[in-house]
Amino acid sequence: MTLVALFFYLFAAIMVASALMVISSRNPVHSVLFLILAFLNGAGLFMLAGAEFLALILVVVYVGAVLVLFLFVVMMLDVDFVAMRQGVMQYLPVGAAIGLVLLVELILVLGAYTLSPEIASQGVLPIPDPAAVTNTEALGNVLYTKYAFYFQICGLILLVAMIGAIVLTLRHTTRAKRQDVGAQVRRRPEDAVEVREVASGRGLQL
Amino acid sequence: MSELHLFPNLVPVLPEIILAVVAIILLIAGAFTDEEAVPTLNLLAIFAMIGAIVAVCTLSGGSSTFDGAFQFDNFARYLKVLVLIGGAVSIMMSMSYARFQSFSRFEYPVLILLSTVGMMLMISASDMIAVYLGLELQSLAIYIVVSINRDSVRSTEAGLKYFVLGALSSGMLLYGISLIYGFTGGTNFYSIAETISVDGAGLGVIFGLVFILAGVAFKISAVPFHMWTPDVYEGAPSPVTAFLAAAPKVAAMALLVRVVMEAFQPALIEWQQIIIFLSVMSMILGAFAAIGQSNIKRLMAYSSIGHIGYALIGLAAGTEQGVIGVVIYMTVYLVTTLGVFACIIAMRRTDEGMVEDIADLAGLAKTNPWMAAAFTALLFSLAGIPPLVGFFGKFYVFLAAVEADLIPLAIIGVLSSAVGCFYYLRIIKVMVFDEPKDRLEPMAGELRLVLAVSGGFSVLFFLVWTPILSAATAAAQSLF
């Protein structure tokens, strides 16, 4: 038990520290790398909570795909991050004040928090026994049956996102060289190759 | 539990399935055809909407499916018909717009269809997860159509603004939902209501409720969450603004009614004061901020903020009478708004292209008397002048407020609608009494049809009033 607590505080501390570094490091590439570190520690926390599927998904999807994409964007686009960061000190007091208010409010709310006995009994019921099924199996059991509706709407939302990305960014430029399979197949050797007699010592005028 | 039993009942979702399938077919068809096919695709989308209206009308009410996440009752039926009319009419109006402006994108009808699916899911949602997903599907499609005119700086700016603020509101909504889940142990509306009625509305529930209401208030653009509205209305292409002003407002209002009436019914005292605040602020800001506007689309944005305030009066009453008022108000609002936007889309000159200033309407009564007459009827109706339909919309919500002992709210409503009359009458004054400017181009056929139906409804509404009233009553009864 103490080992679990030890790892919890280790992961949590590294996560908070790297999250701070994400917004404070000067180099945007470092920011993205720190974000990866934060996600990896988040995955560790999920693992401690017994949610191994979520932990691995976090690593595979966020670290493996999303953040690598981020890294590409940061490296390839010429965004002036120094200019974007200007004015931080100017806004810091206001931001800190709002953060403080939110913190106080949250403490007030959570201070009044008590678990009612009915909820405790309700909460236990729908969760399958972790010893009986693995995470993946438990998710798979409900995702395509009980939550098929939500799953399908998520599919539609992703379709809309894809249409949007294409509508807003795809441009048919005349300069782009596109492959025309028909033209490639129609092409005969006599169109492309010409046999010329080369006189010795004269070279060839193209 | 047998496998057969696990398969959900898909009949109540039939209209949504029709629209989603047609949207995907149109998407594929659009990708393989060129620009000349776009009007055909638009027509097909309109037919799909009409098919969905038929399906919605014939389905039997009172059924719920997907473990209670989706509910099809009389309330859903009535509002889905409204939303589908809004969607179909805005596709129709975009067709005439596209003939003169560069707007022929086959993605437009597809996105409108998918957005309509999202709105219908919002109307039927009786689970917080379904609420969020429906809202997100609806909004995401709208963010895209707002900036579909991507070469115009104003259009892309409007899209970006709407996207950022919409994402913020989704975040607030999700935060509220997670708090509610944490404090009541459920996401289904009935289980939330049950827990609140047993345990009372604790601080955590109120906290979550406030965040959920703030998130939805963004979508209906109630003050103080209205900042995006004028800029987005002005920047978006006119047919998109027509869509944005009509259908999503109705859907978000329906969602709000269902959430507070079903999930938070036991916490009525708590949400009532929030709704009253939103209502009063929206009415006052809508009435006063519209006075200084010279762009007619910005003016309509403030006008819609004000109208949402009036509709919220009915909700604040929290009674069956109040819900009838909201439903009727949204019906009147939808039909009149579509008519007004038909006029706005018709504001086009041969040399200048689209014009959007109120001053451009000068002397319309002389140059195009029919359009001016219909426009005047619609504006009088929006202002709530008695013989027209807008008056009866306001009448029902004020009546509900008085019956629920919210007399100060009703008085503020009456006063601010008197202030609101000023800017509607100013447009009429410009049309009738000012010196005519150059003629506007004659209206396209589709726009004439929309304007005639809408203007006709605002004058001759008593011919269809009995069925509307009985349908609205049935809709409200299904929530109680």
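The values are calculated or read from the model by the stated rules, or taken from the named source; none is laboratory data. Predicted, not measured: the structure shown is a model, and the values here were computed from it. Neighbour counts run over all protein chains shown; Cβ positions are idealised from the backbone, glycine included. Surface areas here come from the heavy atoms of the whole protein model, side chains and all, with no ligands, DNA or RNA. Shrake-Rupley method; radii C 1.70, N 1.55, O 1.52, S 1.80 Å.
A few points about this structure:
- In the set A:Val4, A:Val73, A:Val22, only one residue is modelled with pLDDT of 80 or more and under 30 Å from A:Ala138 (Cα atoms); that residue is A:Val4.
- Lone unmet requirement of (1) in contact with a strand residue (DSSP E or B) (Cβ under 7 Å, 6 or more places away or on another chain); (2) open to solvent by 30 Å² or more (accessible area, probe 1.4 Å) for B:Pro467: (1)
- In the set (1) over 20 Å from the mean Cα position of the chain (by Cα); (2) more than 30 Å from B:Ala201 (Cα to Cα), B:Thr337 fails one condition alone, (1).
- Of all residues in region A:28-66 being in contact (Cβ under 8 Å) with a residue 40 or more places away in the chain and not in a helix (DSSP H, G or I), the one that is surrounded by the fewest Cβ atoms within 10 Å (Cβ to Cβ): A:Gly50
This table checks each residue for (1) in contact with a Leu (Cβ under 8 Å, 6 or more places away or on another chain); (2) touching a residue at least 24 places away in the same chain (Cβ under 8 Å); (3) open to solvent by less than 10 Å² (accessible area, probe 1.4 Å); (4) aromatic (Phe, Trp, Tyr).
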{"residue": "B:Thr229", "(1), (2), (3), (4)": "no, yes, yes, no"}
{"residue": "B:Ala236", "(1), (2), (3), (4)": "yes, yes, yes, no"}
{"residue": "B:Thr241", "(1), (2), (3), (4)": "no, yes, yes, no"}
{"residue": "B:Leu244", "(1), (2), (3), (4)": "no, yes, yes, no"}
{"residue": "B:Leu268", "(1), (2), (3), (4)": "no, yes, no, no"}
{"residue": "B:Ser279", "(1), (2), (3), (4)": "yes, yes, yes, no"}
{"residue": "B:Ile291", "(1), (2), (3), (4)": "no, yes, no, no"}
{"residue": "B:Ala316", "(1), (2), (3), (4)": "yes, yes, yes, no"}
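- Meets criteria (under 24 Å from the mean Cα position of the chain (by Cα), open to solvent by 40 Å² or more (accessible area, probe 1.4 Å) and among the aromatic types (Phe, Trp, Tyr)) for B:Phe398: no
- Options B:Thr336, B:Thr367, B:Thr376; residue that is of a type in the set (S, T, N, Q) and closer than 30 Å to B:Ser478 by Cβ: B:Thr336
- Within region B:33-70, the set of residues being of a type outside the set (Phe, Trp, Tyr), open to solvent by less than 80 Å² (accessible area, probe 1.4 Å) and in contact with an Asp or Glu (Cβ under 9 Å, 6 or more places away or on another chain) comprises B:Ala52, B:Gly61, B:Gly62, B:Ser63, B:Ser64, B:Gly68, B:Ala69.
- Residue list for region B:464-480, filter: among the aliphatic types (A, V, I, L, M) and either in contact (Cβ under 8 Å) with a residue 60 or more places away in the chain or over 21 Å from B:Gly86 (Cα atoms) (or both): B:Ile468, B:Leu469, B:Ala471, B:Ala472, B:Ala474, B:Ala475, B:Ala476, B:Leu479
- Single condition A:Ile127 does not satisfy, out of (1) at pLDDT 85 or above; (2) closer than 30 Å to B:Gly200 by Cα; (3) within 28 Å of the chain's Cα centre (by Cα): (1)
- When restricted to residues that are open to solvent by 50 Å² or more (accessible area, probe 1.4 Å), within 25 Å of B:Leu10 (Cβ to Cβ), at the interface with chain B (Cβ under 7 Å from one of its Cβ atoms) and of a type outside the set (D, E, K, R), region A:146-170 contains 1.
- Selection count where residues are closer than 21 Å to B:Ala342 by Cα, modelled with pLDDT of 90 or more and open to solvent by 80 Å² or more (accessible area, probe 1.4 Å), scope region B:404-447: 1
- Residues (without any contact (Cβ under 8 Å) to a residue 60 or more places away in the chain and open to solvent by less than 40 Å² (accessible area, probe 1.4 Å)) located in region B:184-199: B:Thr184, B:Gly185, B:Gly186, B:Thr195
- Verdict on B:Leu361 being over 21 Å from the mean Cα position of the chain (by Cα), touching a residue at least 24 places away in the same chain (Cβ under 8 Å) and either open to solvent by less than 20 Å² (accessible area, probe 1.4 Å) or within 21 Å of B:Thr229 (Cα to Cα) (or both): yes
- Among all residues of region B:328-350, there is none that is assigned to a loop (DSSP other than H, G, I, E, B), of a type in the set (D, E, K, R) and open to solvent by 10 Å² or more (accessible area, probe 1.4 Å).
- Count of residues meeting criterion [within 13 Å of the chain's Cα centre (by Cα) and either outside any helix (DSSP H, G or I) or within 20 Å of B:Phe243 (Cβ to Cβ) (or both)] in region B:307-327: 3
- Residues satisfying the stated conditions in region B:422-446, i.e. out of contact with any Phe, Trp or Tyr (no Cβ under 9 Å at 6 or more places or on another chain), outside any loop (DSSP other than H, G, I, E, B) and not aromatic (Phe, Trp, Tyr): B:Arg426, B:Lys429, B:Val430, B:Val432, B:Gly445, B:Glu446
- Note on region B:149-174: residues that are open to solvent by 10 Å² or more (accessible area, probe 1.4 Å) and within 11 Å of chain A (Cβ to nearest Cβ) amount to 6.
- For region B:90-115, the candidate set comprises residues that are of a type in the set (Ser, Thr, Tyr) and open to solvent by less than 10 Å² (accessible area, probe 1.4 Å); within that set, the residue that is modelled with the highest pLDDT is B:Ser115.
- Selected residue (only one of B:Gly134, B:Gly118, B:Gly87 is under 20 Å from the mean Cα position of the chain (by Cα), buried (at least 24 other Cβ atoms within 10 Å of the Cβ), more than 9 Å from every other protein chain (Cβ to nearest Cβ) and closer than 29 Å to B:Leu479 by Cα): B:Gly87
- Tallying residues that are without any contact (Cβ under 8 Å) to a residue 12 or more places away in the chain and in a helix (DSSP H, G or I) within region B:141-155 yields 1.
- Looking at B:Ala287, B:Ala236, just one residue is aliphatic (A, V, I, L, M) and closer than 23 Å to B:Leu425 by Cβ, and that residue is B:Ala287.
- A single entry from B:Ser191, B:Ser221, B:Ser197 fulfils the requirement of being at positive phi and either modelled with pLDDT of 90 or more or within 14 Å of chain A (Cβ to nearest Cβ) (or both): B:Ser221.
- Flag for A:Leu143 being without any contact (Cβ under 8 Å) to a residue 24 or more places away in the chain, open to solvent by less than 90 Å² (accessible area, probe 1.4 Å), more than 10 Å from chain B (Cβ to nearest Cβ) and closer than 30 Å to B:Ala125 by Cβ: yes
- Selected residue (only one of B:Met119, B:Met49 is among the hydrophobic types (A, V, I, L, M, F, W, C), farther than 20 Å from A:Ile163 by Cα and touching a residue at least 60 places away in the same chain (Cβ under 8 Å)): B:Met49
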